[in-house]
1. For residues in region 106-124 being among the small types (Gly, Ala, Ser) and within 22 Å of the chain's Cα centre (by Cα), which is surrounded by the fewest Cβ atoms within 10 Å (Cβ to Cβ)?
2. Filter region 144-162 for residues that are within 30 Å of TRP31 (Cα to Cα), within 20 Å of the chain's Cα centre (by Cα) and among the hydrophobic types (A, V, I, L, M, F, W, C) and give the result.
3. Give just the number: which of (1) surrounded by fewer than 18 Cβ atoms within 10 Å (Cβ to Cβ); (2) over 20 Å from the mean Cα position of the chain (by Cα); (3) not in a helix (DSSP H, G or I) does LYS90 not satisfy?
4. Mind checking which pairs have a first residue in region 141-153 that is exposed (fewer than 10 other Cβ atoms within 10 Å of the Cβ) and a second that is charged (D, E, K, R), Cβ under 6 Å, 6 or more apart or different chains?
5. If I go through region 146-175 residue by residue, how many of them are of a type in the set (A, V, I, L, M, F, W, C), under 24 Å from ARG97 (Cβ atoms) and part of a strand (DSSP E or B)?
6. Could you grab me the full set of residues in region 162-191 that are in contact with a Lys or Arg (Cβ under 7 Å, 6 or more places away or on another chain), buried (at least 18 other Cβ atoms within 10 Å of the Cβ) and under 23 Å from THR35 (Cβ atoms)?
7. Looking at this structure, is GLY48 small (Gly, Ala, Ser) and either modelled with pLDDT of 95 or more or surrounded by 13 or more Cβ atoms within 10 Å (Cβ to Cβ) (or both)?
8. Tell me which residues, restricted to region 51-74, are surrounded by fewer than 21 Cβ atoms within 10 Å (Cβ to Cβ), of a type in the set (A, V, I, L, M, F, W, C) and within 20 Å of SER99 (Cβ to Cβ).
Amino acid sequence: MNKQFSSKILLLFLVLLLASCTTKAQLTGVWVDDTIGDYTIDNVLVIGITRDTFVQKLWENVFTSRLAQENIKAMASYATVGTKIKPERKSVEDAIRKSGAKTVLISRVIDSTTNIQTLPGRRTSALGIYGFYDLSVKSTYVPPSTIVKKVVRLETNFYDVATEKLIWTSQVDVFDPEMTKVAYDRVIGLLIEDLRLKNLL
């Protein structure tokens, strides 16, 4: 197997991997403080509020990586204070003090809904190959099926450490969420794009 063929196989695999990610996301609400002037987000402490350690680490890693691509210094909270950070003032203040952050980003799930739709079973029939000239009829039974659709609403806030003011907040609806780097990168990409539009990066 030559190198050129191997490269094509690898490229095809990556394309199929990206296509297999079914997570879709939609930015549903954004607010920015109009009084901040030329404020630029920098030296960010990224905090993912969740009970799942794997989810926290993955989310914080992907977000810090995307901010780094924008030349923004960012730190994952789990790497600074561990994975036991709580959505409480003292816990966040301790993390800020240890990290020396100028800006804090906090992401958390604020709502989750699951819609279940059941499709009834049905019988389908088809005439033979010769249509009406063939009296044989083929019948197939399709059993009932269930479609489960999950929607998670994620809120992400940026705060200025010095003033403790909220700079920017957003809400994103994530449909059929997957706990993968590709899926998280897709969601975070929407947030990064809006931060750029608001001239905060």
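The values are calculated or read from the model by the stated rules, or taken from the named source; none is laboratory data. Everything numeric here is computed off the predicted structure, so don't read it as measured data. Every residue, glycine among them, receives a Cβ derived from its backbone with ideal geometry; neighbour counts consider all protein chains shown.
1. Ranking the qualifying residues of region 106-124, first place goes to SER112.
2. Once the filter is applied, which keeps residues that are within 30 Å of TRP31 (Cα to Cα), within 20 Å of the chain's Cα centre (by Cα) and among the hydrophobic types (A, V, I, L, M, F, W, C), region 144-162 yields VAL151, VAL152, LEU154, PHE158.
3. (3)
4. TYR141/ARG123
5. Of the residues in region 146-175, 4 are of a type in the set (A, V, I, L, M, F, W, C), under 24 Å from ARG97 (Cβ atoms) and part of a strand (DSSP E or B).
6. Hit for region 162-191 is TRP168, nothing else.
7. Considered against the rule, which asks whether it is small (Gly, Ala, Ser) and either modelled with pLDDT of 95 or more or surrounded by 13 or more Cβ atoms within 10 Å (Cβ to Cβ) (or both), GLY48 comes out as yes.
8. Answer for region 51-74, where residues must be surrounded by fewer than 21 Cβ atoms within 10 Å (Cβ to Cβ), of a type in the set (A, V, I, L, M, F, W, C) and within 20 Å of SER99 (Cβ to Cβ): LEU58, ALA68, ILE72.
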